[in-house]
Every structure is written in structure tokens, then in C-alpha cells.
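For reference, the structure discussed in these notes is given below.
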Amino acid sequence: MAGRQAAVALLRRGLGSLAEQAGPQRKVAILGAAGGIGQPLGLLMKLNPLVSHLALYDIVGTPGVAADISHVNTRAHVSGYAGEEQLGEALKGADVIIIPAGVPRKPGMTRDDLFNINAGIVKALATAIAKYAPHALVNVISNPVNSTVPIAAEVFKKAGTYDPKRLFGVTTLDVIRARTFYASKKNLPVKDVDVPVVGGHAGITILPLFSQATPQVPITQEEIEYLTKRTQDGGTEVVQAKAGKGSATLSMAYAGAHFADACLKGLNGVENVVECSYVESTVTDLPFFSSKVHIGKNGVEKIYDLGPLSDYEQQGLKDLHVELAKSIVKGQTFVHDNP
Ligand code: NAI
């Protein structure tokens, strides 16, 4: 009993200190909020003291999810929106919009196999964002990210609202996996580890830069190749383990919440917010590319160069070029062919 009281007191103190950190009013909207990613992501955003209003939107199921999450005693007011006619209300006034809407992979599928369904979903949601929340920072999780981000960009361009500084493909899960696998392989405390991951978010387009990992420890070429492949195949590892019941949801919710938190911090003027993200870029000759970006009050403030690459990473960069270029064009073409 005494233990339970102590735990309750600790929890109260924790939540109290969270409330003290609260800053300006910030609305976050999650589109696809009743799904495998959407539900835990909604919960994690409800725990974020930077959020004052959490809008949960899906085509079905959101009233239940919203009622459930709303009982958690943290700062954010929660509202649920179900069905297209409520999408505008969900979006109005949003500072950050997170999109995990769409179908996930099943064993044997690539992210590109999702294109036909998810392209239409992202296009429709981007059209509504252009109308109701054109200044929000948009975090695209729906796969294939390599194509869905160019799709959103084309929709925004057509609507005359495109600001490349405000559109992000969420590749944070790749970074989180690279950190976890590197720490585990080299017996390092994972909290001290960072590994930049550049390129895109599918198969060989995911390029972890272990030559720039921190802390630097002796590592063999064989270990680098193992870690690179495991990072690239991390999603497939989960798809296979779930055996037909979807893809990464819990680790993705964590990654999505981490990235949205970075966006909120940037908007709030916190300095030195740097994350890897798939954005419009001139770092390579590809129009979209993931690398380290500085997020500030206007979204992307600066995109960092790739830095010195090992021979192995340079080869990886060459190898990903054709596939990433094709995925970008596929997204752009989809919007032009489906006006
Ligand atoms: P899920 O099927 O469990 O949930 C998707 C949700 O989207 C459902 O609740 C569904 O009703 C909703 N939805 C469908 N059409 C919609 C629309 N027009 N508007 C709003 N909501 C709509 O799928 P899960 O596992 O949550 O995955 C969602 C997406 O995230 C998939 O495309 C998946 O490939 C992607 N993903 C991305 C990752 C990344 O690293 N960027 C990692 C893991 C998954």
C-alpha cells in the first residue's frame, strides 16, 4: 500500500512538472488516428506537455479512441472527428499534422505495393490540408514515404500553398532502429548513441551512416554491412514477425511522437532542434532526400550536407539513386494523372 501511495505521489509530481513545461497553445492533428500507429501515437501526443489541443481524425472509430485518450490527466484537450465531413474541423488551426492514414504492409509486400491505395488517401488528405490548414507543419508517415511526400508537395503546389519548409517525410524510425542495433552490437548505452540515416525510406534507399555514428568505436566492415542491412530490413523484420497483422506500429508511434515533438519545439523557438527527415532538398541532385535538418519557427531552417562518407556509404548513395528517383517521379506523376 505504501509502495502504491509512493508511486501515485511520484506520478503526480511527474505530471506536475510536465504541466510546468507547457508553452504556447499548440494544436496537433493526427489523420488515421484509429489505426495501429494512430492509437499509440495519439496516446504519446496526449502525454506531450507542448500540446494544448489534440485532434484525432479517422474515417471510422475515432469517437471511441478520443473518449479513451481524453481521460488521461494531461494538458491537451482531446477531440475526435470521424468521416470526411468532419475533416475540415479537425484540421482548422493545426500547427502540426501527422499522417499515419492508409494500409500497412503484409509479408511479401514492399512499401511500393501500398502505392495504389495510399497515394489516393494522401492526395485527398493533402487537398484538405491545403484548404483548412495551409500553414501547418505536415509529418507524412503513410508509405511509400518516398512517393507520398512528393504527392503532398504536388497537391500543395496545385493549390498554391506549397512551402517546402513545412513538409516532412517521417524517417525517424530508421534512425531509431540504427541507434538501437548499433548500441546493441557494440554494447553501448543506447541513450548515448546517434546514427544519421539519409536517403529515403524503403529498402536500399535507407542509408545509415555508421561512419558518422557517435560514439565512434572500432567496428569491422562485416559489422557495418550487417547493421546497414538490418536497418534497411527493420520494417520487414516486424512485418514478418507480425505474420499478416500489419507492420511496425508501436515503435513507429514512438518515432512519430519524437519527430512531432521536435517540430513543436522548433515552432516554439527551441534552439538546435536537428532531426533526419525526408524533405525537398538540394543536398543531392534528387529533388527529395532525407538528411539532417534544423527545424525552427518556420519549419526547415537549414538542411545539412551529408558530410564525409566512407567508400561503402558512397557506393550505397550511388545504388539508391535510381530507385529513389523513380519513386519520386511516380508520386509526382500520380498527381498529374489524377487531377
Ligand atoms: P492501420 O491499417 O492499422 O491504420 C490505418 C488507419 O488509417 C485506419 O484506422 C484507417 O481507417 C485509416 N484511414 C484509411 N483511410 C483514411 C483516410 N482517407 N483518412 C483518414 N484515415 C484513413 O495501419 P498502420 O499500421 O497504422 O499504418 C499506417 C501507415 O503507416 C501505413 O501506410 C504504413 O505503411 C505506414 N508506416 C510508416 C512507417 C514509417 O516509418 N514512415 C512505419 C510503419 C508504417
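The values are calculated or read from the model by the stated rules, or taken from the named source; none is laboratory data. Bear in mind that the values here come from a model prediction, so they are computed numbers and not experimental data. In this analysis, Cβ positions are derived from the backbone assuming ideal geometry, glycine residues included, and neighbour counts consider all displayed protein chains.
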Within the range 114-128, work out how many residues are of a type outside the set (Gly, Ala, Ser), surrounded by fewer than 20 Cβ atoms within 10 Å (Cβ to Cβ) and either under 10 Å from Thr148 (Cα atoms) or within 9 Å of the ligand (Cβ to nearest atom) (or both). 2
For the range 129-143, which positions are more than 16 Å from the chain's Cα centre (by Cα), among the hydrophobic types (A, V, I, L, M, F, W, C) and either assigned to a loop (DSSP other than H, G, I, E, B) or within 14 Å of the ligand (Cβ to nearest atom) (or both)? Ile129, Ala133
Of (1) closer than 22 Å to Ala213 by Cβ; (2) over 17 Å from the mean Cα position of the chain (by Cα); (3) within 16 Å of the ligand (Cβ to nearest atom), Ala262 fails just (2)
Could you tell me whether any residue of the range 179-189 is in contact (Cβ under 8 Å) with a residue 60 or more places away in the chain and in contact with a strand residue (DSSP E or B) (Cβ under 7 Å, 6 or more places away or on another chain)? no
Based on what the data block shows, is Ser291 modelled with pLDDT of 95 or more and not in a helix (DSSP H, G or I)? yes
I need every pair where a residue in the range 118-130 that is free of Cβ contacts under 8 Å to residues at least 40 places away in the same chain has its Cβ under 6 Å from the Cβ of a residue that is surrounded by fewer than 20 Cβ atoms within 10 Å (Cβ to Cβ), sequence separation at least 6 or different chains. Ala130/Ala159; Ala130/Thr161
Would you point out which residue out of Ala243, Ala213, Ala202 is within 12 Å of the ligand (Cβ to nearest atom) and either over 21 Å from the mean Cα position of the chain (by Cα) or of a type in the set (Gly, Ala, Ser) (or both)? Ala202
Is at least one residue of the range 268-280 in contact with an Asp or Glu (Cβ under 7 Å, 6 or more places away or on another chain) and either free of Cβ contacts under 8 Å to residues at least 12 places away in the same chain or within 16 Å of the ligand (Cβ to nearest atom) (or both)? no
Scanning the range 96-113 for residues that are surrounded by 23 or more Cβ atoms within 10 Å (Cβ to Cβ) and away from the ligand (no atom under 11 Å from the Cβ), the one nearest to Lys27 (Cα to Cα) turns out to be Val96
Looking across the range 153-172 at residues that are under 13 Å from Pro287 (Cβ atoms) and crowded, with 24+ Cβ neighbours inside 10 Å, the single one that is farthest from the ligand (Cβ to nearest atom) is Ala153
Are there any pairs with C-beta distances below 6 angstrom linking a residue in the range 31-49 that is more than 6 Å from the ligand (Cβ to nearest atom) to a residue that is basic (Lys, Arg) and outside any helix (DSSP H, G or I), with the two at least 6 apart or on different chains, and if so which? Pro49/Arg75
Among the listed residues Leu317, Leu286, identify the single one that is assigned by TED's automatic domain parsing to the domain that holds Pro208 and touching a helix residue (DSSP H, G or I) at 6+ places or on another chain (Cβ under 8 Å). Leu286
Could you tell me which numbered condition His71 fails, if it satisfies all but one of (1) closer than 24 Å to Phe168 by Cα; (2) free of Cβ contacts under 8 Å to residues at least 24 places away in the same chain; (3) away from the ligand (no atom under 16 Å from the Cβ)? (1)
Taking the condition among the aliphatic types (A, V, I, L, M) and at positive phi, does Ala257 pass? no
